[in-house]
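Trainee: Mind looking over this structure? Questions follow.
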Amino acid sequence: MFAPVAPNRSRFAVPLVAVVLAALSVSAAIAGPLTATLVEPPPATSGYFHMGTTHDPQRHALTVDSRSLRLDAQPWMPVMGEFHYTRYPAAEWREELLKMKAGGIDIVSTYVFWIHHEEIEGTWDWTGRRDLRRFVQTARDVGLDVVVRCGPWCHGEVRNGGLPDWVVQRRDWKIRSTDPRFLAAVHELYGQIAHQLHGLLWKDGGPVIGIQLDNEYRGPAAYLLALKGIARDVGLDVPLYTRTGWPALTTPMPLGEILPLYGVYAEGFWDRELTSMPGRYWAGFQFSTLRTDAAIATELLGDRAARDEPDVVKYPYLTCEIGAGMMTSYHRRIVVDPLDIEAVTLIKIADGSTLPGYYMYHGGTNPEGRRTTLMEAQDTLTTNYNDLPVRTYDFQAPLGEYGEIRPQYHLLRRLHLFLHDAGSELTRMATALPDVRPSGPDDGATLRWAARSDGRHGYVFVNNHERGRRLPPKPGVQFSLKLTSGQTLTFPSASVTVAADAVFWWPFNLNLGGATLVYATAEPVTHVIDGSGTRTLFFAATPGVPAEFAFDASDIVRIETRGRIIHDGERLLVRGLEAGHAAAFRLLAKSGNVVRVVLLDDADSLALWKGPFADRNRVVLTRAAVVFDGDAIRATATASGEQTLSVFPDVADLSIGATRPKFRRDGVFQEFRLPAGYTTTAVAFTPVHPAGPVRVIRKGPDKQGVAMEPTDADFAQAATWRVTLPSGIDRAVHPLLRFDYVGDVARVTLGGRLLTDDFYNGNPRDVGLWRYTPLKGGGNLEFSVLPLQKDAPIFLEPSARPDFGDQSAIVALRSVQLIQAATVTVRASPSPEPPLPDNFRTDVLLPPPPPKL
């Protein structure tokens with residue numbers, strides 16, 4: 001919705017001596033090509049999975065084998081993102097689900113928090129934002145499948161992990177066990193869920209394809225099997241039953257009964273240490289075929305070795321919790337670096353995953369409880385281990401608490417475009433780790449990379465980024481892959497330097513409509529086949545690396561390019577290419593197919609979208625935020641002044657709002673101007689009262705004793721400002737109020753009612769005004785902040801820590817801004833396919849090969 005911040009590729013400072021030493025070690029480490037031996041993946045196995053009904057009424061089948069999910073017998077690699085319906089207003093679900101789909105999400109997963117629906121025993125609430133049925137129907141209407149995570153224990157940073165107080169208070173029950181009294185209550189919960197989902201399951205033609213049973217459970221398998229039995233008994237008959245693959249169970253799960261799903265987080269709020277990147281988070285930034293991550297839930301599970309279960313290869317490598325952001329707990333104030341998210345996701349894909357699933361993909365706000373607040377806190381009945389904000393569950397997610405678009409949304413969308421094209425092929429590829437790998441967590445000199453292939457075709461994945469440290473550039477990089485045929489493929493033609501913070505993937509032996517792309521030093525993103533049969537591929541240039549495309553010369557009739565063509569034995573190398581919006585080159589294959597390649601720079605590749613528009617899939621290039629909705633695109637401004645929206649293939653009769661603008665030709669695109677519609681306005685605020693004496697920070701009840709958040713009573717000593725909103729605010733443009741402040745904990749109230757809150761981590765606090773009543777003149781909007789104490793026992797990123805000088809505590813409200821971003825509707829009619837551009841120089845057509853000596 002709002003202006004994205006470019007990913008910071010040099011946020012962490014590194015001492016000069018460390019850089020010099022790292023550079024010297026890199027030179028020694030990369031003395032020749034980096035080698036790996038490709039392997040042929042083992043045959044997929046199945047026949048032992050005991051799932052539910054696999055066919056829908058139209059006879060489409062959703063099944064599973066040891067490699068992947070399968071849709072109508074074809075390998076399927078969908079993308080899944082978590083969005084909690086009870087944490088978002090029902091009236092806004094549709095637009096946010098469309099944003100998720102535009103970001104490349106295929107499946108929305110969601111917890112059913114028991115306490116949100118039966119806070120009072122026997123009183124069920126499935127209305128408003130708690131209306132699970134309406135949420136699933138909305139997902140179906142926008143074209144998303146659904147996985148419902150039923151609990152009964154979910155965690156999700158909810159009070160008691162989602163168990164109602166009245167369940168926890170039954171001291172004679174053994175919760176999360178096969179205790180018949182507890183299971184009887186769960187039976188009622190699952191029955192309620194089944195009633196909500198009646199007619200919406202896959203077997204009914206609905207979108208619900210899976211059910212997760214409990215969460216992060218570490219007891220006997222019998223409990224999870226009992227939950228599966230209850231689900232089947234109440235009618236929750238679905239193709240997929242899942243569990244989290246961590247922690248290890250105390251007794252083995254019978255083969256094929258429940259699918260384990262895995263996760264990884266760049267860094268977590270839950271650790272008890274007050275230092276950056278404690279424990280094993282480093283492992284998430286290195287390639288490995290190990291599925292289990294030992295850094296998740298260390299406050300519950302402690303430090304432990306990462307081990308996979310013996311039968312792990314019998315299951316596909318699916319994930320449900322790749323951390324797409326991170327909450328701030330009171331004692332750990334994590335700040336997300338968007339590159340962290342891209343890096344750990346890319347690594348999971350390279351490691352063999354066939355379902356990237358994110359937690360959280362969309363943030364939200366906790367609903368209000370009838371008897372208690374509903375967030376996790378250290379003093380709740382089940383002694384949760386962390387203090388979380390009362391209302392906000394923003395999670396610094398790709399889509400925020402008020403639908404804000406974050407930089408990782410664009411980084412992940414680019415990756416998802418690639419997966420939508422290559423995913424089915426990737427499921428049939430095995431991971432090959434290089435012969436020389438990092439020696440451990442402190443080895444920043446060895447390049448981190450892996451290949452995924454079927455033994456001949458595939459992709460090289462590279463990650464030169466790690467959270468909290470700057471990995472130095474890696475000069476002299478060439479890859480040498482031993483194929484299963486016995487041949488060796490070495491590329492690129494000359495060594496290159498991999499930049500610090502580089503995260504990318506390069507293809508090798510890729511079939512482009514009959515032309516073999518032997519390799520490319522650019523990232524394939526997506527493609528479109530137009531009405532003439534021309535295949536147009538969009539690649540992203542790898543920053544700092546010259547783009548080079550190598551083709552098997554025997555496949556090619558003709559190449560046209562603005563670059564240079566070089567005969568290199570049996571290959572044709574296309575070099576000297578500049579990124580832009582025109583075709584970098586076009587080739588005619590002996591198969592008769594025409595292939596056109598557009599090479600975008602890094603920034604433009606992050607502004608590329610793809611979706612249905614004017615009766616076909618088209619790509620759209622724009623800095624605006626877009627959703628594809630039926631026959632329309634809705635584009636929301638992200639910066640002041642005019643922005644553009646470029647379309648490929650061409651359309652006719654395009655209208656933007658009530659106007660029919662003319663376009664200009666921009667390479668392969670039609671470029672249209674979008675009207676200006678983004679404003680930022682300073683908002684007045686006045687002090688109500690200054691901060692009083694600082695509070696004494698208590699420690700929590702567990703043996704590790706981390707700092708506890710302030711109480712309501714503590715806020716009597718908060719510094720408070722009253723905000724004066726300007727007149728003429730248009731609720732339709734979703735006005736956002738942004739508070740830039742420094743302090744410990746902030747609360748935004750309206751007429752004394754808490755709207756949202758924040759644990760300070762250096763980021764501003766946003767509030768979506770359109771949801772509340774100040775636009776109607778109801779009540780005082782106030783911003784209250786407790787002072788940040790210099791010696792507070794909390795972890796705060798160095799970039800967020802203020803200069804205390806001689807002060808022992810700091811509190812300040814620096815500015816308040818009103819951000820208004822207009823949205824326009826774009827419609828168009830299909831257009832006859834345009835002819836291929838003929839503006840290539842004729843002196844760079846494919847030359848004859850050199851004579852043989």
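Trainee: In the set Tyr223, Tyr217, which member is touching a strand residue (DSSP E or B) at 6+ places or on another chain (Cβ under 8 Å) and among the hydroxyl-bearing types (Ser, Thr, Tyr)? Give the steps one after another, and end with the answer.
Mentor: Details: Tyr223 fails: touching a strand residue (DSSP E or B) at 6+ places or on another chain (Cβ under 8 Å).
Within the list Tyr223, Tyr217, the selection yields Tyr217.
Trainee: Further question: Can you pull out the residues in the range 183-199 that are open to solvent by 20 Å² or more (accessible area, probe 1.4 Å), among the aliphatic types (A, V, I, L, M) and touching a helix residue (DSSP H, G or I) at 6+ places or on another chain (Cβ under 9 Å)?
Mentor: Residue satisfying the conditions is Leu183 alone.
Trainee: Next question, about the same structure. Which one is farthest from Ala102 (Cα to Cα) among residues in the range 405-429 that are touching a Gly at 6+ places or on another chain (Cβ under 8 Å) and either open to solvent by 20 Å² or more (accessible area, probe 1.4 Å) or without any contact (Cβ under 8 Å) to a residue 40 or more places away in the chain (or both)? Show your work before the answer.
Mentor: Taking the range 405-429 first, the residues touching a Gly at 6+ places or on another chain (Cβ under 8 Å) are 406, 408-409, 412-413, 415-417, 419-420, 429.
Okay, now just the ones that are also either open to solvent by 20 Å² or more (accessible area, probe 1.4 Å) or without any contact (Cβ under 8 Å) to a residue 40 or more places away in the chain (or both), so 406, 420.
Values: Arg406: 14, His420: 12 Å.
Only one residue fits best here, namely Arg406.
Trainee: Return the only residue of Pro472, Pro434, Pro507, Pro438 being at pLDDT 95 or above and part of a strand (DSSP E or B). Can you show your working first?
Mentor: Numbers: Pro472 fails: part of a strand (DSSP E or B); Pro434 fails: part of a strand (DSSP E or B); Pro438 fails: part of a strand (DSSP E or B).
Just one listed residue meets the conditions, Pro507.
Trainee: Suppose we filter the range 802-835 for residues that are farther than 29 Å from His734 by Cβ and either surrounded by 15 or more Cβ atoms within 10 Å (Cβ to Cβ) or among the β-branched types (Val, Ile, Thr) (or both); how many remain?
Mentor: So the count comes out to 7.
Trainee: Kindly evaluate Gly256 against the criterion of being open to solvent by less than 10 Å² (accessible area, probe 1.4 Å) and at positive phi.
Mentor: For Gly256, the condition - open to solvent by less than 10 Å² (accessible area, probe 1.4 Å) and at positive phi - is met.
Trainee: If you don't mind, another one. In the range 510-523, what count of residues is obtained for those that are under 29 Å from the mean Cα position of the chain (by Cα) and surrounded by fewer than 19 Cβ atoms within 10 Å (Cβ to Cβ)? Explain how you work it out, then say what you get.
Mentor: Our first condition is that a residue be under 29 Å from the mean Cα position of the chain (by Cα); within the range 510-523, this holds for 510-512, 519-523.
Right, trim to surrounded by fewer than 19 Cβ atoms within 10 Å (Cβ to Cβ) and you get 511.
Matching residues across the range 510-523 total 1.
Trainee: Identify, from the list Thr724, Thr756, Thr720, the residue that is in contact with a strand residue (DSSP E or B) (Cβ under 9 Å, 6 or more places away or on another chain) and open to solvent by 70 Å² or more (accessible area, probe 1.4 Å).
Mentor: Details: Thr756 fails: open to solvent by 70 Å² or more (accessible area, probe 1.4 Å); Thr720 fails: open to solvent by 70 Å² or more (accessible area, probe 1.4 Å).
After applying the criteria, what remains is Thr724.
Trainee: Go through Asp454, Asp442 for me and flag whichever is over 15 Å from Thr542 (Cα atoms), open to solvent by 50 Å² or more (accessible area, probe 1.4 Å), among the acidic types (Asp, Glu) and in contact (Cβ under 8 Å) with a residue 60 or more places away in the chain. Reasoning before the result, please.
Mentor: Details: Asp442 fails: in contact (Cβ under 8 Å) with a residue 60 or more places away in the chain.
When all the criteria are applied, what remains is Asp454.
Trainee: Return the residues of the range 625-642 that are in contact (Cβ under 8 Å) with a residue 60 or more places away in the chain and either of a type in the set (Val, Ile, Thr) or in a loop (DSSP other than H, G, I, E, B) (or both); say none if nothing qualifies.
Mentor: Val626, Val627, Asp631, Ile633, Thr636, Ala637, Thr638, Ala639
Trainee: Moving to a separate point now. Under 6 Å between Cβ atoms, which residue pairs at least 6 apart in sequence (or on different chains) link something in the range 643-665 that is touching a residue at least 60 places away in the same chain (Cβ under 8 Å) with a partner that is hydroxyl-bearing (Ser, Thr, Tyr)?
Mentor: If the second residue must be hydroxyl-bearing (Ser, Thr, Tyr), the pairs left are Leu645/Thr622; Asp650/Ser831; Val651/Ser831; Ala652/Ser829; Ala652/Ser831; Asp653/Ser829.
Trainee: Next question. Could you check the range 95-182 for helices (runs of 4 or more DSSP H) lying wholly inside it with 1 or more residues that are among the aromatic types (Phe, Trp, Tyr), open to solvent by 10 Å² or more (accessible area, probe 1.4 Å) and modelled with pLDDT of 95 or more?
Mentor: Numbers: elements: 114-117, 132-142, 165-168.
Fully inside the range 95-182 and qualifying: 165-168.
Trainee: Scan the range 788-813 for residues that are closer than 22 Å to Arg469 by Cβ and free of Cβ contacts under 8 Å to residues at least 40 places away in the same chain and report the count.
Mentor: 2
Trainee: Among the strands (runs of 3 or more DSSP E) contained in the range 55-94, which hold 1 or more residues that are surrounded by fewer than 24 Cβ atoms within 10 Å (Cβ to Cβ), without any contact (Cβ under 8 Å) to a residue 60 or more places away in the chain and not β-branched (Val, Ile, Thr)? Talk me through it step by step, then tell me what you get.
Mentor: Details: elements: 62-64, 69-71, 74-76, 80-82.
It comes to 69-71.
Trainee: With respect to Gly47, determine if the residue is within 29 Å of His457 (Cβ to Cβ), crowded, with 20+ Cβ neighbours inside 10 Å and modelled with pLDDT of 95 or more.
Mentor: Numbers: within 29 Å of His457 (Cβ to Cβ): yes; crowded, with 20+ Cβ neighbours inside 10 Å: no; modelled with pLDDT of 95 or more: yes.
No: the conditions fail for Gly47.
Trainee: If a residue has to be touching an Asp or Glu at 6+ places or on another chain (Cβ under 7 Å), modelled with pLDDT of 95 or more and assigned to a loop (DSSP other than H, G, I, E, B) to count, how many in the range 530-557 make the cut?
Mentor: Of the residues in the range 530-557, 2 are touching an Asp or Glu at 6+ places or on another chain (Cβ under 7 Å), modelled with pLDDT of 95 or more and assigned to a loop (DSSP other than H, G, I, E, B).
Trainee: Taking only pairs six or more apart or across chains, which ones have beta-carbon atoms under 7 Å, a first residue in the range 519-530 that is in contact (Cβ under 8 Å) with a residue 12 or more places away in the chain, and a second residue that is of a type in the set (S, T, N, Q)?
Mentor: Thr521/Thr542; Ala522/Thr542; Glu523/Thr542; Val525/Ser605; His527/Thr536; Val528/Thr536; Val528/Asn617; Asp530/Thr536
Trainee: Name, by its number, the condition in (1) under 26 Å from the mean Cα position of the chain (by Cα); (2) at positive phi that does not hold for Tyr88.
Mentor: (2)
Trainee: Does Gln789 satisfy the criteria of being among the polar types (S, T, N, Q), under 19 Å from Val767 (Cβ atoms), open to solvent by 20 Å² or more (accessible area, probe 1.4 Å) and in contact with a Ser or Thr (Cβ under 9 Å, 6 or more places away or on another chain)? Write out each step before concluding.
Mentor: Details: among the polar types (S, T, N, Q): yes; under 19 Å from Val767 (Cβ atoms): no; open to solvent by 20 Å² or more (accessible area, probe 1.4 Å): yes; in contact with a Ser or Thr (Cβ under 9 Å, 6 or more places away or on another chain): yes.
Criteria not met by Gln789.
Trainee: For the range 291-312, name all the residues that are among the aliphatic types (A, V, I, L, M), over 19 Å from the mean Cα position of the chain (by Cα) and at pLDDT below 95.
Mentor: Initially, the range 291-312 is screened for residues among the aliphatic types (A, V, I, L, M), giving 294-297, 300-301, 305-306, 312.
Among the residues that remain, those that are also over 19 Å from the mean Cα position of the chain (by Cα) are: 294, 297, 300-301, 305-306, 312.
Answer for the range 291-312, where residues must be among the aliphatic types (A, V, I, L, M), over 19 Å from the mean Cα position of the chain (by Cα) and at pLDDT below 95: Ala294, Ala297, Leu300, Leu301, Ala305, Ala306.
Trainee: Further question on the same structure: Which members of the range 577-614 meet the condition of being within 26 Å of Gln408 (Cα to Cα), hydrophobic (A, V, I, L, M, F, W, C) and open to solvent by 10 Å² or more (accessible area, probe 1.4 Å)?
Mentor: Ala579, Ala603, Leu606
Trainee: Still on this structure: What single numbered condition from (1) touching a residue at least 12 places away in the same chain (Cβ under 8 Å); (2) open to solvent by 70 Å² or more (accessible area, probe 1.4 Å) fails to hold for Gly677?
Mentor: Among (1) touching a residue at least 12 places away in the same chain (Cβ under 8 Å); (2) open to solvent by 70 Å² or more (accessible area, probe 1.4 Å), the lone unmet condition for Gly677 is (2).
Trainee: Has the range 558-570 got any residue that is touching a Lys or Arg at 6+ places or on another chain (Cβ under 9 Å), part of a loop (DSSP other than H, G, I, E, B) and surrounded by fewer than 22 Cβ atoms within 10 Å (Cβ to Cβ)? Before you say what the answer is, go through the steps one by one.
Mentor: Quick first cut of the range 558-570, residues touching a Lys or Arg at 6+ places or on another chain (Cβ under 9 Å) only: 558-566.
Then drop every residue that is not part of a loop (DSSP other than H, G, I, E, B), which leaves 562-563.
Among the residues that remain, those that are also surrounded by fewer than 22 Cβ atoms within 10 Å (Cβ to Cβ) are: 562-563.
Checked the range 558-570: at least one residue is touching a Lys or Arg at 6+ places or on another chain (Cβ under 9 Å), part of a loop (DSSP other than H, G, I, E, B) and surrounded by fewer than 22 Cβ atoms within 10 Å (Cβ to Cβ).
Trainee: Only residues that are surrounded by 22 or more Cβ atoms within 10 Å (Cβ to Cβ) and either in contact with a helix residue (DSSP H, G or I) (Cβ under 7 Å, 6 or more places away or on another chain) or outside any strand (DSSP E or B) (or both): list them for the range 615-624, please.
Mentor: Leu621, Ala624, listed by residue number.
Trainee: Here's another thing I want to ask about it. Restricting the search to the range 269-305, which residues are open to solvent by less than 50 Å² (accessible area, probe 1.4 Å) and among the small types (Gly, Ala, Ser)? So that I can check it myself, show each step before the final result.
Mentor: Kept after step one, since they are open to solvent by less than 50 Å² (accessible area, probe 1.4 Å), are these residues of the range 269-305: 269-272, 277-278, 281, 283-288, 291-299, 301-302.
Residues satisfying the conditions are Ala283, Gly284, Ser288, Ala294, Ala295, Ala297, Gly302.
Trainee: On to the next question. Out of the range 458-507, which residues are surrounded by 17 or more Cβ atoms within 10 Å (Cβ to Cβ) and of a type in the set (Ser, Thr, Tyr)?
Mentor: Passing the criteria: only Tyr459.
The values are calculated or read from the model by the stated rules, or taken from the named source; none is laboratory data. None of the values given here were measured: they were computed from a predicted structure. Don't worry about glycine lacking a Cβ; one is built from the backbone with ideal geometry, like all the others, and counts go over all protein chains shown. Accessible surface areas use protein heavy atoms only, side chains included; no ligands, DNA or RNA. Shrake-Rupley method; radii C 1.70, N 1.55, O 1.52, S 1.80 Å.
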